[in-house]
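**Q** One structure coming up, written as structure tokens, with questions to follow.
Rule-based calculations on the coordinates, nothing more; no lab input. Quick caveat, the model's predicted, so the values are computed rather than measured. Cβ placement follows ideal geometry from the backbone for every residue including glycine, while neighbour counts extend to all protein chains displayed.
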Amino acid sequence: MKSYKFEIFTSFLEKNIRGGIYKSGHKLPSVRELKDKYRLSTNSVQNGYEYLIIQGLVESVPKSGYYVNRQFGKSYEPVKTNRSPIIRDAFFENSLASITSLRNGRKLSEFNVAAPGDLLIPQKLLLRTMQQVVREQGANLLRYYPSNGLPDLKDAITRRAAGYQTLLNPDELIVTDGALQALYIALASVCTAGDVVAVESPCVFSILEVIRVLHLKVIEIPIDRDNGFDVDFLRKACAKNKVSAVLLTPNFHNPTGILLTDEKKKAVLSVAQDYEIAVIENDIYGDLNFNGIRPTTIKSFDDSGLVMTYSSYAKTLAPGIRLGWLSPGKFIQKAEQIKFSLGSTVSPIYQETVNRLLSASSYERHLKAFRKQLSENAALTLDLLYDNFPEGTSITVPAGGYSIWIKMPEATNMDYFYAQCEKIGIRFTPGYTFSFSDTFSNYFRVVFADAYTPKRIEAIKQAGQLSR
């Protein structure tokens with residue numbers, strides 16, 4: 001596994017912070033001190049501190065230096081796991097229509113849409129590339145493309161995945177009409193109505209909705225900031241029940257932004273192999289790291305063919321680019337049959353456009369700028385939440401992606417909070433949409449995937465006042 005020069009001091013600081021030796025607010029050594037002590041470059045020390053900031057351990061105070069995060073130790077309360085796995089029907093008590101719909105009319109301060117906002121979409125790059133594609137391909141774009149996707153595009157996806165140690169076979173890749181179609185194909189390849197699927201909890205509602213449509217049942221596996229996906233709970237669930245698949249987002253989980261360690265990824269795979277269970281890995285946020293280190297996938301450790309990995313470009317380019325892909329492992333034959341039965345091919349212009357972007361350096365340049373903006377947005381959002389929401393609010397610190405998971409004090413009237421926010425044009429995603437149980441009724445998600453205008457900054461401040 002690749003190591004980084006800054007680990008020589010970050011491991012020491014992390015141990016002392018987590019061990020309670022360095023308390024909240026403790027001033028940490030300056031960049032100059034660490035540079036001289038460990039003979040590192042300024043960049044290496046700054047990258048190390050950036051890594052610790054992303055882990056939620058350290059905060060930077062302008063013109064003052066680095067300090068132990070004032071919120072460390074109280075930023076997230078783990079879901080209690082001393083209970084037995086419960087099989088649940090895939091049924092929402094609350095309607096999702098009013099939560100997930102996009103509104104017309106007045107412009108809202110929306111923090112509920114998990115996709116790049118208008119100001120962060122690379123519009124010039126996309127339009128210029130599409131125009132080039134139209135000029136070069138002409139009428140070819142009006143013809144049928146291969147059902148499983150453009151071969152050149154699949155080659156490009158495969159080459160890029162190799163860069164983060166994930167070996168894909170282009171002949172087995174299926175290009176899909178977005179991530180949800182890839183998920184649908186993956187689930188339908190290994191499950192039939194009434195089967196049980198293990199899902200992370202909290203779990204984004206769009207995934208839960210696909211599970212509901214397929215008439216599956218779920219066992220919710222707890223996830224928290226300190227421990228990530230609860231592998232012991234998963235093993236207990238598989239030992240006591242016939243589980244057909246485990247579905248998770250190991251890289252920058254939505255809504256918590258948690259990144260699973262490679263050790264935890266291997267542990268999930270080990271359980272799946274012990275019980276011959278398919279792993280359906282959602283990697284749509286994998287490119288959205290804040291520290292410049294692209295995490296690898298569970299797929300990269302798999303030699304059994306049990307891991308089915310999918311991703312898309314709607315989260316990194318634009319929500320209208322409905323183009324995803326699925327690597328179905330040993331389930332390729334069934335997956336291809338299901339894809340063919342759906343009768344849809346992805347828009348040729350999208351396939352040609354994404355292929356061109358991946359084959360050049362333009363996609364990587366865009367990602368670099370996009371990740372930097374998301375990292376800055378995350379830091380600003382966390383500061384606004386810490387400063388404006390009431391004592392007792394628990395907040396995750398994401399390592400990537402673009403969402404923050406918030407738990408409000410027990411006494412908070414969440415229905416009143418949402419209603420008052422809606423009155424002044426502010427929207428968040430309620431926690432109850434992230435589970436088929438009522439576990440997260442006093443949680444909500446904030447998305448920071450749009451540029452922060454003065455109006456958006458003021459909106460979070462107002463929301464904080466309304467929550468009191």
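**Q** Charges on Cβ only, +1 for Lys and Arg, -1 for Asp and Glu, centred on the Cα centroid of the stretch 319-385; of Q337, L385, I321, which one is farthest towards the dipole's positive end?
**A** Q337
**Q** Report, in whole Å, the centroid distance computed from the Cα atoms of the stretch 405-451 and the stretch 273-307.
**A** 29 Å
**Q** How large is ³J(HN,Hα) for each residue in the stretch 131-141, as worked out from phi by the Karplus curve 6.51 cos²θ - 1.76 cosθ + 1.60 (θ = phi - 60°), to whole Hz, x for Gly and Pro?
**A** Karplus values, whole Hz, x for Gly and Pro: 4, 4, 4, 4, 5, 7, 8, x, 5, 4, 5.
**Q** If amide H atoms are built 1.01 Å from N in the plane of the peptide, which residues on other chains or at least 5 residues away come under 5 Å of the amide H of V196?
**A** When sequence neighbours closer than 5 places are left aside, the close amide H contacts are K217, S244.
**Q** In the chain, what percentage of the DSSP-assigned beta bridges are antiparallel, given to the nearest 5?
**A** 60 percent
**Q** Would you tally the net charge around S403, using a Cβ to Cβ cut-off of less than 12 Å, leaving S403 out, and scoring K and R as +1, D and E as -1?
**A** So the environment of S403 carries a net charge of +2.
**Q** Can you put M308, M414 in order of Cβ neighbours within 10 angstrom, beginning with the fewest?
**A** Ascending number of Cβ neighbours within 10 Å: M414, M308.
**Q** Next up: When the helix-only estimate is applied to the chain (DSSP H runs of n ≥ 4, each -39,500 (n - 2.57), divided by the residue count), what is the mean residue ellipticity at 222 nm, nearest 500 deg cm²/dmol?
**A** My calculation for the chain gives -12000 deg cm²/dmol from helical runs alone.
**Q** Using θ = phi - 60° and the Karplus relation 6.51 cos²θ - 1.76 cosθ + 1.60, list the HN-Hα couplings for the stretch 142-155 in order, rounded to whole Hz, with x at every Gly or Pro.
**A** 8, 9, 5, 9, x, 4, 8, x, 5, x, 4, 5, 5, 5
**Q** For H26, what residues show an amide H to amide H distance below 5 Å, using hydrogens built from the backbone and excluding near sequence neighbours?
**A** Those qualifying (amide H under 5 Å, at least 5 residues apart or on another chain) are V68.
**Q** Which one, F252, I277, T192, projects farthest toward the positive side of the charge dipole computed for the stretch 192-277 from Cβ point charges (K/R +1, D/E -1)?
**A** About the Cα centre, the residue reaching furthest to the positive side is T192.
**Q** On to the next question. Test of understanding: ordering T42, T433 by Cβ neighbours within 10 Å, fewest first, what list do you get? Intermediate values should be presented prior to the final figure.
**A** Values: T42 11, T433 25.
Starting with the residue having the fewest Cβ neighbours, the order is T42, T433.
**Q** Beyond a 27 Å Cα-Cα separation, which of these cross-linked pairs lie in this structure: K23/K236; K315/K423; K236/K265; K217/K266; K15/K37; K407/K455? Each step should come with its number before you reach the end.
**A** Working: K23/K236 36 Å; K315/K423 29 Å; K236/K265 17 Å; K217/K266 25 Å; K15/K37 18 Å; K407/K455 24 Å.
Cα-Cα > 27 Å for K23/K236; K315/K423; rest within.
**Q** Compare the Cα positions of S11, Q46, L34 along the charge dipole of the stretch 7-68 (+1 at Cβ of Lys, Arg; -1 at Cβ of Asp, Glu; about the Cα centre) and return the one farthest towards the positive end.
**A** Checking the options against the dipole of the stretch 7-68, the answer is L34.
**Q** Could you size up the charge dipole of the chain around its Cα centre, putting +1 on the beta carbon of Lys and Arg and -1 on that of Asp and Glu, and report it in debye to the nearest 20?
**A** Result for the chain is approximately 1020 debye, rounded to the nearest 20.
**Q** Taking the Cα centroid of the stretch 123-161 and of the stretch 182-200, what is the distance between the two, rounded to the nearest whole Å?
**A** Centre-to-centre (Cα) distance: 30 Å.
**Q** Can you give the convex hull volume per residue for the Cα atoms of the stretch 341-468, as a whole number of Å³?
**A** 168 Å³
**Q** Here's another thing I want to ask about it. To the nearest 20 debye, what is the magnitude of the charge dipole of the stretch 172-279 about its Cα centre, counting +1 on the Cβ of each Lys and Arg and -1 on the Cβ of each Asp and Glu? The partial results should precede the final answer.
**A** On the way: 10 positive and 14 negative charges, 50 e Å.
Around 240 debye, computed over the stretch 172-279.
**Q** Can you give the net charge of the other residues whose Cβ lies under 10 Å from the Cβ of Y51, counting K and R as +1 and D and E as -1? Could the numbers behind the result be given before it?
**A** Numbers: positive: none; negative: E7, E14, E50.
That works out to -3.
**Q** Can I ask one more? Work out the length of the dipole vector of the stretch 7-68 about its Cα centre, built from +1 on the beta-carbon of each Lys and Arg and -1 on the beta-carbon of each Asp and Glu, and round it to the nearest 20 debye.
**A** Its charge dipole is roughly 200 debye.
**Q** Next up: Work out from phi, with θ = phi - 60° and the Karplus expression 6.51 cos²θ - 1.76 cosθ + 1.60, the ³J(HN,Hα) of each residue of the stretch 339-356, listed in order in whole Hz, and give x for Gly and Pro.
**A** Running phi through 6.51 cos²θ - 1.76 cosθ + 1.60 with θ = phi - 60° gives 4, 5, 5, 6, x, 10, 10, 5, 3, x, 5, 5, 5, 5, 5, 5, 4, 5 Hz.
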